[in-house]
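The structure appears below as structure tokens.
The values are calculated or read from the model by the stated rules, or taken from the named source; none is laboratory data. Computed from a predicted model, the values in this text were never measured in an experiment. Cβ placement follows ideal geometry from the backbone for every residue including glycine, while neighbour counts extend to all protein chains displayed. The area values use the complete protein model at the heavy-atom level, side chains included, leaving out ligands, DNA and RNA. Shrake-Rupley method; radii C 1.70, N 1.55, O 1.52, S 1.80 Å.
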Amino acid sequence: MTAMKLTTLRTAFSGRLHTEAHDMAPFLTDWRGKWTGRALAVAQPDTAQDVAAVLRWCHEHRVPVVPQGGNTGLSGGSTPDGTGQALVLSLTRLTRVRAVDTINNTLEVEAGVTLQEVQAAVEQANRLFPLSLAAQGTCTIGGNLASNAGGVQVLRWGNARELCLGLEVVTAEGEIWNGLRSLRKDNTGYDLRDLYIGSEGTLGIITAATLKLFPRPAGQAAAFVAVPSPAVAVELLQLAQSRLASSLTAFELMSDACITLVEKHVDAARLPLSERSPWYVLVEVSDPVSEAQAAAGLEGLLEQALEQALATDAALSSSLAQFRALWALREDISESQGAEGKTIKHDIALPISAIAGFVEATSREIEAQFDGVRLVVFGHLGDGNLHFNLSPAEDRLGKAHEAAFVALEAPVNRLVHDAVAAAGGSISAEHGLGVLRRDESARYKSAVELKLMRAIKAALDPLNLMNPGKVLPAHEDK
């Protein structure tokens, strides 16, 4: 690509175009530092019309496009490859909150607005947007929708898909589809919105969305509960659902190994119980009337759980500071595991009824087949999403042991993912496929499913310019 042709791109849209290596560098490495690519240039358009102009230019010149939001993904989905032929298209300058409708309970917002900014905007309108992620200060709504983000409150509110009513999308040819409908019911043909949500930028670029809002809860309470096993945690979940119904907003599972890591790497972290337990759950309740009523509902659950031996101890929040401290024990697990050293991560989904058996059997197989590893298991038990991770054993920490641990990744992945497939699960629950799980996912999909996915890709992106090499295996998306 000549400098002259890039000059025609520079004049085609308003915004920024980075072509110097030092300016492009922040856009070329993923959040975990696992992938670094090269790019022809990095474009940062100002509007959806500018995005369309960039894509028309790319279509004309046959330039691949890698869409990027806050660059907080964990699967390499927004990182260019090493050829230097692709244009990175960053949406971070599309930052307008276009409209808040408190009667219809909707918010129209551009793709580059961060999740935290969305939550702040709707709080001013006394509304709730319940999507909640650890990276909410930097992840963007466009990226959340492109990856169908999950988070800690899927149990009550659903994934990003369930929280979106309409989209504005720029197609691979550079046309703008205005699907920003704010309707709960619309049976007028194929649901194009659902095609683009979760497509990781391989079919088109989301530039704006209409999101669902909800009344803000009047009160919240959380409890940190000791349980003897995942099987008992599942029983406790069933009891919580029967007692609390829709007021149950989160139900998180974590092993003692997780909490030990948090205590080691986070100075303020303290186990809020008198004795340790092999497993813990964090339960959150929201109430439309008052915080006292939320706490009362949770207290009633805990009393019954202790009577039925579904819990051995519990700590209930009695202030906002305690509520946040309990949640910090859960939210700091990932960073604490990263601070410990190299990790082998699995973002899996299972039928809730299969989780206890999976954890027991797969943990046993890993311990039998692989030396020098620690299991670090936690996740959103309420919706069946586990982070079934491994760290080096405490006596295998340090640079001298890193290569041996990294060499275990492929066989460990195969063992875990085969077990997930056998249990009727998914090897990517909320992080997306990107390049990390692209080829592995194809192993577990039927020929019919892959054929249908290829057909959709070919119909919406016939030149294979939209984030090529992501989601579909390299030999499948040509």
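If you take the residues of the stretch 66-96 that are β-branched (V, I, T) and either under 22 Å from the mean Cα position of the chain (by Cα) or surrounded by 23 or more Cβ atoms within 10 Å (Cβ to Cβ) (or both), which of them is farthest from A429 (Cα to Cα)?
Residues of the stretch 66-96 that are β-branched (V, I, T), as a first pass: 66, 72, 79, 83, 88, 92, 95.
Filter once more, keeping what is either under 22 Å from the mean Cα position of the chain (by Cα) or surrounded by 23 or more Cβ atoms within 10 Å (Cβ to Cβ) (or both): 66, 72, 79, 88, 92, 95.
Numbers: V66: 22, T72: 16, T79: 20, V88: 26, T92: 25, T95: 28 Å.
Among residues in the stretch 66-96 that are β-branched (V, I, T) and either under 22 Å from the mean Cα position of the chain (by Cα) or surrounded by 23 or more Cβ atoms within 10 Å (Cβ to Cβ) (or both), the one farthest from A429 (Cα to Cα) is T95.
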Query raised in the report: Conditions: (1) open to solvent by 60 Å² or more (accessible area, probe 1.4 Å); (2) β-branched (V, I, T); (3) assigned to a loop (DSSP other than H, G, I, E, B); (4) modelled with pLDDT of 95 or more. V289 meets all but one. Number of the miss?
Result: (4)
Query raised in the report: List pairs: first in the stretch 193-217 and at negative phi and free of Cβ contacts under 8 Å to residues at least 40 places away in the same chain, second surrounded by 19 or more Cβ atoms within 10 Å (Cβ to Cβ) and among the aliphatic types (A, V, I, L, M), Cβ under 7 Å, 6+ apart or cross-chain?
Result: R193/L167
Query raised in the report: Can you find a residue in the stretch 299-318 that is in a strand (DSSP E or B), at pLDDT 95 or above and open to solvent by less than 40 Å² (accessible area, probe 1.4 Å)?
Result: yes
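Suppose the filter is touching a residue at least 24 places away in the same chain (Cβ under 8 Å) and surrounded by fewer than 16 Cβ atoms within 10 Å (Cβ to Cβ); does G384 pass it? Reasoning before the result, please.
Details: touching a residue at least 24 places away in the same chain (Cβ under 8 Å): yes; surrounded by fewer than 16 Cβ atoms within 10 Å (Cβ to Cβ): no.
No; evaluated as a whole, the condition is false for this residue.
Report whether or not L463 is part of a loop (DSSP other than H, G, I, E, B), modelled with pLDDT of 95 or more and open to solvent by 20 Å² or more (accessible area, probe 1.4 Å). Walk me through it before giving the result.
Working: part of a loop (DSSP other than H, G, I, E, B): yes; modelled with pLDDT of 95 or more: yes; open to solvent by 20 Å² or more (accessible area, probe 1.4 Å): yes.
Against the criterion (part of a loop (DSSP other than H, G, I, E, B), modelled with pLDDT of 95 or more and open to solvent by 20 Å² or more (accessible area, probe 1.4 Å)), L463 qualifies.
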Report summary line: For the stretch 19-47, pairs from a residue that is at negative phi to a residue that is among the basic types (K, R), with Cβ under 7 Å and 6 or more apart or across chains, are L28/R38; Q44/R16; Q44/R93; P45/R93; D46/R93
Query raised in the report: Among strands (runs of 3 or more DSSP E) lying entirely in the stretch 98-211, which contain 2 or more residues that are open to solvent by less than 60 Å² (accessible area, probe 1.4 Å) and either hydrophobic (A, V, I, L, M, F, W, C) or touching a Phe, Trp or Tyr at 6+ places or on another chain (Cβ under 8 Å) (or both)?
Result: 106-110, 164-171
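What do you reckon, is A442 open to solvent by less than 50 Å² (accessible area, probe 1.4 Å), touching a Ser or Thr at 6+ places or on another chain (Cβ under 6 Å) and of a type in the set (A, V, I, L, M, F, W, C)?
Values: open to solvent by less than 50 Å² (accessible area, probe 1.4 Å): yes; touching a Ser or Thr at 6+ places or on another chain (Cβ under 6 Å): no; of a type in the set (A, V, I, L, M, F, W, C): yes.
Taking the combined requirement at face value, the residue does not satisfy it.
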Query raised in the report: Under 9 Å by Cβ, and 6 or more places apart or on different chains, what pairs join a residue from the stretch 275-298 that is in contact (Cβ under 8 Å) with a residue 12 or more places away in the chain and among the charged types (D, E, K, R) with one that is open to solvent by 10 Å² or more (accessible area, probe 1.4 Å) and in a strand (DSSP E or B)?
Result: E275/D313; E284/Q220; D287/Q220; E291/Q220
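Is it true that V42 is under 22 Å from N464 (Cβ atoms), at pLDDT 95 or above, assigned to a helix (DSSP H, G or I) and not polar (S, T, N, Q)?
Numbers: under 22 Å from N464 (Cβ atoms): yes; at pLDDT 95 or above: yes; assigned to a helix (DSSP H, G or I): no; not polar (S, T, N, Q): yes.
Here the answer is no, as V42 does not meet what is asked.
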Report summary line: In the set N148, N144, N178, N126, the lone residue that is touching a Lys or Arg at 6+ places or on another chain (Cβ under 8 Å), polar (S, T, N, Q) and within 20 Å of R98 (Cα to Cα) is N126
